[in-house]
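The values are calculated or read from the model by the stated rules, or taken from the named source; none is laboratory data. All figures in this text were calculated on a predicted structure; none of them were measured in a lab. When we count neighbours, we look across all protein chains shown, and the Cβ atoms used for this are built from the backbone with ideal geometry, even at glycine.
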Amino acid sequence: MIDTRVNIAGVELKNPVMTASGTFGSGQEYSEFVDLSRLGAVVTKGVANVPWPGNPTPRVAEVYGGMLNAIGLQNPGIDVFAKRDIPFLKNYDTKIVVNVCGKSTEDYCEVVERLADEPVDLLEINISCPNVKEGGIAFGQNPASAEAITKAVKKVAKQPVIMKLSPNVTDITEMARAVEAGGADAVSLINTLTGMKIDIHRRTFALANKTGGLSGPAVKPVAVRMVYQVANAVKLPIIGMGGIATAEDALEFLLAGATAVSVGTANFFNPETTVEVVRGIEDYMRKYQVSSVTELIGAVR
Ligand SMILES: Cc1cc2nc3c(=O)[nH]c(=O)nc-3n(C[C@H](O)[C@H](O)[C@H](O)COP(=O)(O)O)c2cc1C
């Protein structure tokens with residue numbers, strides 16, 4: 001018998017495989033390809049207190065080993081989200097993680113307060129989106145701001161709080177320590193790395209926003225390195241992500257110190273990636289006679 005259960009801040013996941021925010025909607029489209037009840041958790045697209053239109057198009061571009069996006073956190077706002085997406089996810093035997101975005105501390109807190117009485121298991125606070133001018137990354141690149149917003153959110157949150165960190169910093173351990181000091185229950189990393197692509201035929205930027213966030217297999221070594229560093233800097237559980245497309249990729253993150261993993265961009269080129277990763281981790285555990293997946297977490301020192 002193998003035991004794939006992991007625990008994030010008191011919430012038990014049936015396995016360590018989650019979806020990455022913004023790449024899976026709230027699971028509606030993917031439920032045709034994937035039994036959502038096979039997943040440890042579904043992480044929703046970022047939701048704000050009011051609807052956001054997102055950035056002008058074009059806002060996605062393909063690059064070697066991944067993609068650039070500058071969606072700008074388009075979302076329908078918490079009212080529509082709570083009525084439409086949460087009831088949909090409740091049809092499945094999986095944990096629900098709601099990703100929260102905002103332009104100010106008050107915006108974040110308003111969404112978190114609205115979610116207090118909803119059947120949501122965990123909150124993921126996005127302080128790391130490189131594609132919005134206000135809020136988002138403004139909190140995620142300065143340790144004092146990151147600590148302050150963590151404290152503010154924790155004051156009003158009923159569910160455990162995961163702070164989502166940006167890789168666009170000199171020292172990610174400084175940011176992890178700051179959110180730990182602010183009372184975070186867990187961290188997730190990495191969000192996208194700021195990049196740029198030029199369209200040589202049109203002699204302009206490939207994205208209307210000029211820059212966008214790089215994601216996909218190309219970022220995986222950077223993400224694994226950062227997960228390892230954070231695992232050695234703080235006591236918080238880590239949700240690792242960045243370029244995971246196979247079970248082998250996911251296992252690297254677990255061994256580097258992540259308690260769970262999220263699959264993002266790979267969903268776009270293979271919508272069945274999440275369940276394939278679940279199955280692949282199970283196969284690995286049988287092959288190497290690992291009885292509990294927790295034995296793998298941070299096993300590489
Ligand atoms: C199209 C797209 C939209 C995203 N939207 C969000 C979002 O709303 N909130 C968030 O915290 N991260 C968002 N992300 C970042 C992902 O959740 C993830 O951190 C990142 O893409 C790295 O993982 P990956 O390489 O597996 O995609 C988005 C990424 C992509 C590609």
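For (1) under 30 Å from LEU207 (Cα atoms); (2) in contact with a strand residue (DSSP E or B) (Cβ under 9 Å, 6 or more places away or on another chain); (3) not hydroxyl-bearing (Ser, Thr, Tyr), each residue gets a yes or a no:
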| residue | (1), (2), (3) |
| --- | --- |
| TYR108 | yes, yes, no |
| VAL111 | yes, yes, yes |
| PRO119 | no, yes, yes |
| ILE127 | yes, yes, yes |
| VAL132 | yes, yes, yes |
| ALA138 | yes, no, yes |
| GLN141 | yes, no, yes |
| ALA144 | no, no, yes |
| ALA152 | no, no, yes |
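Taking every residue in segment 40-68 that is near the ligand (Cβ under 8 Å from one of its atoms) and pairing it with any residue that is acidic (Asp, Glu) and outside any loop (DSSP other than H, G, I, E, B), at least 6 positions away or on another chain, the pairs with Cβ-Cβ distances below 7 Å are VAL43/GLU124.
Among the residues making up segment 204-224, a single one is free of Cβ contacts under 8 Å to residues at least 24 places away in the same chain and within 14 Å of the ligand (Cβ to nearest atom): PRO221.
If the condition is being in a helix (DSSP H, G or I) and more than 11 Å from the ligand (Cβ to nearest atom), then segment 227-249 contributes VAL227, TYR228, GLN229, VAL230, ALA231, ALA247, GLU248. Which residue is farthest from the ligand (Cβ to nearest atom), if the candidates are limited to segment 168-188 and must be closer than 29 Å to MET67 by Cβ, touching a residue at least 60 places away in the same chain (Cβ under 8 Å) and not in a helix (DSSP H, G or I)? Taking the candidates together, the pick is ALA186. When segment 118-140 is filtered for residues that are surrounded by fewer than 18 Cβ atoms within 10 Å (Cβ to Cβ), outside any helix (DSSP H, G or I) and modelled with pLDDT under 95, the ones remaining, listed by number, are LYS133, GLU134.
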